[in-house]
Amino acid sequence: MLSGHTKYHEEFERQAAEFEKKEAAYLFNFGYQGMVSMVDALVDRNDVIVYDAECHACMLDGMRLHIGKRFPFAHNDMENLEKKLINAKKVTDVTGGGILVMTEGVFGMSGQLGNLKGITDLKDKYNFRLLIDDAHGFGDMGATGAGTSEHFGVMDKVDVYFATFAKSMAGIGAFVATDKKIVDYLRFNMRSQVYAKSLPMPMTIGALKRLEIIRSAKGDELRKKLWTVVHALQDGLRADGIEIGSTQAPVTPVVLNGTEKAAVNLTHDIRKNYNIFCSIVIYPVVPKGTIILRLIPTAIHTLENVEYTVNAFKEIKKKLASGYYDEQPFANLDEI
Ligand SMILES: Cc1ncc(COP(=O)(O)O)c(C=O)c1O
């Protein structure tokens, strides 16, 4: 608002809107911050938010600023969503406000897709707007990479499409694509944009270039390669009896059971000795005794990388089951 918004920012917004088949788009400085501030701006005390219980922290934290009512629905459970929509409507019938439903395109921990078809099918019955956070779907889901709404064929039914640059764009920043009047409103009402500088120029020009690649024939090639790697990895892990849940996206969570000590030693082993980077999730994010190692295959991985990774996981699973990691002293994760 105050400074830093250039023709390059506007060009990105024009191209992002075109790609997402929306009237307008707006470039944010950060994903997390952008979502928090956008939720704050989109609703007022009379409005009700109905959200998937497993939504990302940025949406939950945005909701903390909301002084009206909010109702969570059980993850991807359409019957439960309907119940919550009925409750929400009872409130908005009195306040005169609107209902905003929020979910994710791809859930980042499990790789499950938000049930966008099920949700949008309810739009005619219950009058609501739908906001999706497609951080993990933008660039890789859908025939052209336009995201999970494209994958489900519901781009026109998602009212507010949000994605960050933290995943397929390999950068910093985010954008929203939606109606022009909503973008105009956000420009003047999102505190994270009004009271902060715009996205720095190197990130903006980098984002333009990345968007160009995603939309090009090269992007199609990269996506094809990505899905070849994803399917090889997920099929290979499953074939070896390694639990990866019900992912439908590149996010590949390897689910193991063991103590926290075993989790630390296993992470040290896989990073230092096998040279594989993966994020680890343990208690309190998941129940005690569960260890999730999240793998994110990319288009630049090779099928040799996949074979190596599947074999490595086979070995660490065996070591874990034999008690090897519990017998070792605590590894020093600082050294890796
Ligand atoms: C679903 C989701 N939304 C939002 C964010 C925050 O985005 P950023 O890292 O660009 O701030 C993340 C994490 O990067 C995410 O996984």
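The values are calculated or read from the model by the stated rules, or taken from the named source; none is laboratory data. As the structure is a computational prediction, the values presented were derived from the model and not from experiment. Note: ideal-geometry Cβ built from the backbone for every residue, glycine included; neighbour counts use all protein chains shown.
Pairs meeting the criteria (first residue in the range 55-66 and more than 14 Å from Val101 (Cα to Cα) and outside the structural domain of Val106 (by TED's automatic domain parsing), second residue more than 10 Å from the ligand (Cβ to nearest atom) and assigned to a loop (DSSP other than H, G, I, E, B), beta carbons under 8 Å, at least 6 apart or on different chains) are lacking. The residues of the range 266-301 that are in a strand (DSSP E or B) and not hydroxyl-bearing (Ser, Thr, Tyr), listed by number, are Ile280, Val281, Ile291, Ile292, Leu293, Arg294, Leu295.
Residue check: Met102 meets all listed conditions (1) over 15 Å from the mean Cα position of the chain (by Cα); (2) within 16 Å of the ligand (Cβ to nearest atom) but one, namely (1). For the range 13-30, filtered to residues that are within 15 Å of the ligand (Cβ to nearest atom) and surrounded by fewer than 23 Cβ atoms within 10 Å (Cβ to Cβ), the residue that is farthest from Gln112 (Cα to Cα) is Asn29. Those helices (runs of 4 or more DSSP H) of the range 178-265 in which 1 or more residues are out of contact with any Leu (no Cβ under 8 Å at 6 or more places or on another chain), under 30 Å from Ile282 (Cα atoms) and in contact (Cβ under 8 Å) with a residue 24 or more places away in the chain occupy 217-239. Here the range 92-143 is the region considered, the condition is being on the phi > 0 side of the Ramachandran plot and free of Cβ contacts under 8 Å to residues at least 60 places away in the same chain, and the residue that is surrounded by the fewest Cβ atoms within 10 Å (Cβ to Cβ) is Gly96.
Right, Lys84: touching a Pro at 6+ places or on another chain (Cβ under 9 Å), away from the ligand (no atom under 16 Å from the Cβ), farther than 26 Å from Lys167 by Cβ and not acidic (Asp, Glu) or not? Against the criterion (touching a Pro at 6+ places or on another chain (Cβ under 9 Å), away from the ligand (no atom under 16 Å from the Cβ), farther than 26 Å from Lys167 by Cβ and not acidic (Asp, Glu)), Lys84 qualifies.
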